[in-house]
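Just so it is clear, none of the values below were taken in a lab; they were calculated from the coordinates. Since the model is a prediction, treat every value here as computed from it, not as a measurement. Here the Cβ is made from the backbone with ideal geometry for all residues, glycine too, and neighbour counts use every protein chain on show.
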Amino acid sequence: MLIGTSDLSKNVDAACVTELGIPMIVLMENAVISAMKNMDIDIYNSYVVVCGVGNNGGDGLGIARHLNTKGKDVEVFLIGNLEKLSECSKINYNILLNMGINIININKSDLIEKDDENINKNKVDKIIKNEKGNIIKNKNLTMLKEAISKSDVVVDAIFGTGLKRDITGIFKEVIDMVNDNSKKTYSIDVPSGINSDKGNVLGTCIKANKTISFEFYKRGFLNYDTSSLIGNVIVEKIGVPDFITKKYHEDEFITDENFVKNNIRIRDVHGFKSDFGKVSIVAGSKGFYGASFIATESAVKSGSGLVILISEEDVQNKASIRLTEAMTVNFEEERLNKILSSSNAIGFGPGMGDSHQTFDKLLKTVEGSNCPIVLDADGLNVMKDRCYRFLEWENKFVITPHLGEMARLTGDSIGYIREHRVDVAKEFAQKYNVVVLLKGYQTVITDGKKTYINPTGNSCMATGGMGDCLLGMITSFIGQGVDVFEATVMGAYIHGYIGDKLSKKMYTVTATDLISNISLTMKEFLLI
């Protein structure tokens, strides 16, 4: 699924009109027909459609027309100055009038500022005041409130993706009225009042139960704060040719099952273990044995031909008892150099401790190998103030930080990273030529040029060892010959997918639970 910005939507629309000759009204009608698939007309009978004067409002007017022809009870409210109706909106507006459908216009004359000394209060039928003390002419707004209260669904088509300013005045009154009185609200393209690029609320916004978006999953929906505002997001195509979207798209995607299916290594009937990669996991320290076991076992279950745990002797002695399908070696053994130099991928960092000794081990690992390296946990912590080394080392690195670790690497605050996850990850990946997997709900994976957002995973997985498990999976996939970036995207998706499946019947999902399901799940993807 493509992720898009307001500029992308504008550019694609313009290209369809100017390069292909598709009239804008055709695109609007396609959007209307696509939206109608999600109006749940088999469930609900009464709708209030609240429209603005721009093209988003035109979508709403078109939806009102189709709902009417389906025999639904529809009331239409148009917010704003009729003289500012966009060209396409005006077409749909006139069609409704020709059909005999009443459209109630609510504009700024229905809201009188409290400091307007020219108000003749005797001419206002029924004076009420809002929380700011502004006087509201009650007639049209009362009609809207009554219509919303008795309707099954409110369709929000007030503002689209181009909104940049804070919402005030009559528009704020209408949006607040919808939120206060609607039983169920469906927003068209984007809930009115949300900045579609950043996800911040512009003064106030519609709280949607469902958002029917066109062509692209809007980038602003990735902002954690929007999750309670956008409801269930559905992305519908409206007839834009793929070559047009590819021409203007910025290579931002949401991972889907097809991506995973197309990248899983198919095991040829004649294959040997040497055909499926040799990977090393550098992990563990005294008192932190579990991380080394989880990361190693995860790599084994993900399909590597041979997995070796590299650790301190104390860790080796304890882990080797539990690891029946993996080899172990400690840092003092002579065979270490041969193992490093022959590895197809290396995972480094879980449970090692943030110390000079860990950085020394990282240096030895880098100098002794020529394969991709996946860094997590203390492998990341020891890179604080040393990120420039990524540019000096020839290995291709994948880093898998959570927000706190990313803050230490970049010097940015956790709050800033949380609000700008995609941009922070892309900038870091570009600057240091690494693949970044920034953990969290809707994990961001980027190489600085192409970006994927992972839709799988949930809070039932918020247990110790999950990151170690992910490191093992990604390292294994790289070692099997999957492209470094694609292996990272695939690892995140399968990791979360298993967690989602298990959480349907489990209160919490542990790393051990997840590891035992990796092989079965990968086979499941091949059979899809």
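How high is the relative contact order of the chain, in percent, with contacts defined as C-alpha pairs under 8 Å that are six or more residues apart? All intermediate terms of the calculation are to be shown ahead of the outcome.
Working: 1093 pairs, mean separation 61.9, N = 528.
This gives 12 percent for the chain.
Whole-Hz Karplus ³J(HN,Hα) for region 479-487, in order, using 6.51 cos²θ - 1.76 cosθ + 1.60 and θ = phi - 60°, x for Gly and Pro?
Running phi through 6.51 cos²θ - 1.76 cosθ + 1.60 with θ = phi - 60° gives x, 7, x, 6, 3, 3, 5, 5, 5 Hz.
Using 0.36 nm per residue of separation minus the Cα-Cα distance, give me the extension gain between Glu394 and Asp483 in nm, one decimal.
Working: separation 89, 0.36 × 89 = 32.04 nm, distance 1.64 nm.
Stretched fully, the Glu394-Asp483 segment lengthens by 30.4 nm.
Give the calculated FRET efficiency between Met327 and Ile414 to the nearest 0.05, with a Förster radius of 41 Å applied to their Cβ-Cβ distance.
Numbers: r = 39 Å, r/R0 = 0.94.
Using R0 = 41 Å, I get an efficiency of 0.60.
Modelled label-to-label distance, Ala462 and Lys10, 7 Å Cα→beta-carbon offset: nm?
3.8
Is any residue of region 383-427 close enough, with backbone N under 16 Å, to a label point placed 7 angstrom from the Cα of Asp354 along the Cα-Cβ axis, and if so, which?
Only 383-387, 400-415 pass the distance filter.
If one computes the Cα centroid of region 430-456 and of region 481-528, what distance in Å separates the two points?
18
For region 248-258, what does the Karplus curve 6.51 cos²θ - 1.76 cosθ + 1.60, with θ = phi - 60°, yield as ³J(HN,Hα) per residue in whole Hz, taken in order and with x for Gly and Pro?
Ordered by residue, 3J(HN,Hα) equals 10, 6, 9, 6, 10, 9, 9, 5, 10, 4, 4 Hz.
Find, among the trypsin sites (Lys or Arg not before Pro) in region 435-528, those assigned to loop by DSSP (not H, G, I, E, B) with at most 12 other beta-carbon atoms within 10 angstrom. Present the calculation step by step, with values, prior to reporting the outcome.
Values: sites: Lys439, Lys449, Lys450, Lys501, Lys504, Lys505, Lys523; in loops: Lys439, Lys449, Lys450, Lys504, Lys505.
Answer by residue number: Lys449, Lys504, Lys505.
Kirkwood-based Rg over Rh for region 377-528 (C-alpha set), two decimals?
Numbers: Rg = 15.3 Å, Rh = 15.9 Å.
Rounded to two decimals, Rg over Rh is 0.96.
Which peptide among 365-378, 227-240, 260-273 comes first, and what is the full order, when sorted by highest mean count of other Cβ atoms within 10 Å?
Numbers: 365-378: 22.5, 227-240: 16.9, 260-273: 12.3.
Highest to lowest by the protection proxy: 365-378, 227-240, 260-273.
Grab the eigenvalues of the alpha-carbon gyration tensor for region 257-527, scale each by 5, take roots, and send me the semi-axes largest first in whole angstrom.
Values: eigenvalues 115, 109, 67 Å².
After scaling each eigenvalue by five and taking roots: 24, 23, 18 Å.
Ranked highest first by the average count of other Cβ atoms within 10 Å around their residues, in what order do 309-322, 386-399 fall?
Values: 309-322: 19.2, 386-399: 15.6.
Going from most to least packed, we get 309-322, 386-399.
Report the label-to-label distance for Met1 and Leu82 in nanometres (one decimal), using points 7 Å from each Cα along the Cα→Cβ vector.
It works out to 3.9 nm between the two label points.
Grab the Cα-Cα distance for Lys247 and Lys108, subtract it from 0.36 nm times how many residues apart they are, and report the gain in nm with one decimal.
Numbers: separation 139, 0.36 × 139 = 50.04 nm, distance 4.09 nm.
Taking 0.36 nm per residue and subtracting the Cα distance, the gain is 45.9 nm.
Say R0 is 45 Å: what FRET efficiency, to the nearest 0.05, do Lys449 and Met99 get from their beta-carbon distance?
Numbers: r = 50 Å, r/R0 = 1.10.
Between Lys449 and Met99 the formula returns 0.35.
Could you size up the charge dipole of the chain around its Cα centre, putting +1 on the beta carbon of Lys and Arg and -1 on that of Asp and Glu, and report it in debye to the nearest 20? Show your work: numbers first, answer last.
Numbers: 60 positive and 66 negative charges, 180 e Å.
Roughly 860 debye, rounded to the nearest 20.
If each of His270 and Leu526 carries a label point 7 Å out from its Cα toward its Cβ, how far apart are those two points in nm?
1.7
Placing unit charges on C-beta atoms (Lys and Arg positive, Asp and Glu negative, everything else neutral), compute the dipole magnitude of region 257-527 about its Cα centre in debye, rounded to 20. Don't skip to the answer; put the middle values down first.
Details: 29 positive and 31 negative charges, 116 e Å.
I would put it at about 560 debye.
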